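Below: one structure, written as structure tokens.
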Amino acid sequence: MIEILSNIKFIFFVMFFIILFIYESYYSDRPWISKRSFRLLFHMKMAIINTIIIRIPTIFIVIPTLMLITENQYGILNNINIGFVSKAILGILLLDLAFYWWHRLNHTNSILWRFHSVHHLDTHLDVSTSLRFHFGELILSSIYKTILILLIGMPISVFIFYEIILSACNQFHHSNIKLSDSTNKVIKKFIVTPEYHANHHTQIKLSRDANYSSIFTIWDTIFFTYKEATKKDREYLGLDDRTKEFGLIQNIKHPFIN
Ligand SMILES: [Zn+2]
Ligand SMILES: [Zn+2]
């Protein structure tokens, strides 16, 4: 069952990636500074390394925990009397809220920032940036995720559904797609748009240490962390250090030096 659901997740991931990649070629917002094929290749290399490494915590921690709570009916959702759809919605909202705080902690805690800053070293944003994460961040977040699965009592199917939505949203808000002002305004009332997340990737600390939402924008609104950046700010993305952007070894070593 897990195997089939994971395959469905992977198919959705690839399909959505290709659609956005083509779409952002025709309707791009920011001009392409570096070669797209080069960016894609570099980020794919990171993704391949991450996919191999992340299998370890997935097989040994995440999947056993999902099976454990299904068998023993642990967690919040297993102990409240509501329908399956309500449980699914509540579970997804709780995970998204928890990941809002996780992302926020990745910016405020200096050790976590060492790993998360690898994602922010990118000086441009496109759908391939959604692949750019240090495996250390992914391992730590899968441990956090396991604790959440246990507390919330996530059913396996809802968890996989959440992962599909999260990866689709992750690809969408990193893409270089130009939306009209009116469309952007309507969508960002509910979910994170490319412009919304570009605010988070600016070099300006005020908007970078803000706009933490992953799927639903309501969390930034509730916790007062929605900070609009200017169009000019969004033209200069990344961090002060612009030399490490495309060095594979440099990116892997990045959290462990200084
Ligand atoms: Zn961030
Ligand atoms: Zn990002």
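Considering region 210-223, the residues that are open to solvent by 50 Å² or more (accessible area, probe 1.4 Å) and in contact (Cβ under 8 Å) with a residue 40 or more places away in the chain include one that is nearest to the chain's Cα centre (by Cα), namely PHE216.
Regarding region 140-147, can at least one residue be identified that is in contact (Cβ under 8 Å) with a residue 60 or more places away in the chain and not in a helix (DSSP H, G or I)? No, every residue in region 140-147 fails to be in contact (Cβ under 8 Å) with a residue 60 or more places away in the chain and not in a helix (DSSP H, G or I). Restricting to region 109-145, give me the number of residues that are more than 11 Å from ligand 1 (Cβ to nearest atom), among the aliphatic types (A, V, I, L, M) and farther than 14 Å from HIS201 by Cβ. Within region 109-145, residues that are more than 11 Å from ligand 1 (Cβ to nearest atom), among the aliphatic types (A, V, I, L, M) and farther than 14 Å from HIS201 by Cβ number 6. Candidates are the residues of region 166-204 that are of a type in the set (A, V, I, L, M), within 14 Å of ligand 2 (Cβ to nearest atom) and part of a helix (DSSP H, G or I); the one that is surrounded by the fewest Cβ atoms within 10 Å (Cβ to Cβ) is LEU166.
The residue of region 82-111 that is farthest from ILE215 (Cα to Cα), among those that are touching a Pro at 6+ places or on another chain (Cβ under 9 Å) and small (Gly, Ala, Ser), is ALA88. Looking at VAL62 and the list (1) aliphatic (A, V, I, L, M); (2) touching a helix residue (DSSP H, G or I) at 6+ places or on another chain (Cβ under 9 Å); (3) not in a helix (DSSP H, G or I), which single condition is not satisfied? Every listed condition holds for VAL62 apart from (3).
Here is a check on your reading of the model: is SER117 within 16 Å of ligand 2 (Cβ to nearest atom) and in a helix (DSSP H, G or I)? Spelling it out, SER117 is indeed within 16 Å of ligand 2 (Cβ to nearest atom) and in a helix (DSSP H, G or I).
Scanning region 63-93 for residues that are over 15 Å from the mean Cα position of the chain (by Cα) and open to solvent by less than 50 Å² (accessible area, probe 1.4 Å) yields a count of 11.
Against the condition assigned to a helix (DSSP H, G or I) and closer than 19 Å to GLN171 by Cα, how does LEU20 come out, does it pass?
yes
The values are calculated or read from the model by the stated rules, or taken from the named source; none is laboratory data. Quick caveat: nothing in here was measured; it's all calculated off a predicted structure. For neighbour counting, all protein chains shown are included, and Cβ atoms are generated from backbone atoms with ideal geometry for every residue, glycine included. Remember, those area values only see protein heavy atoms, side chains included, never the ligands or the DNA or RNA. Shrake-Rupley method; radii C 1.70, N 1.55, O 1.52, S 1.80 Å.
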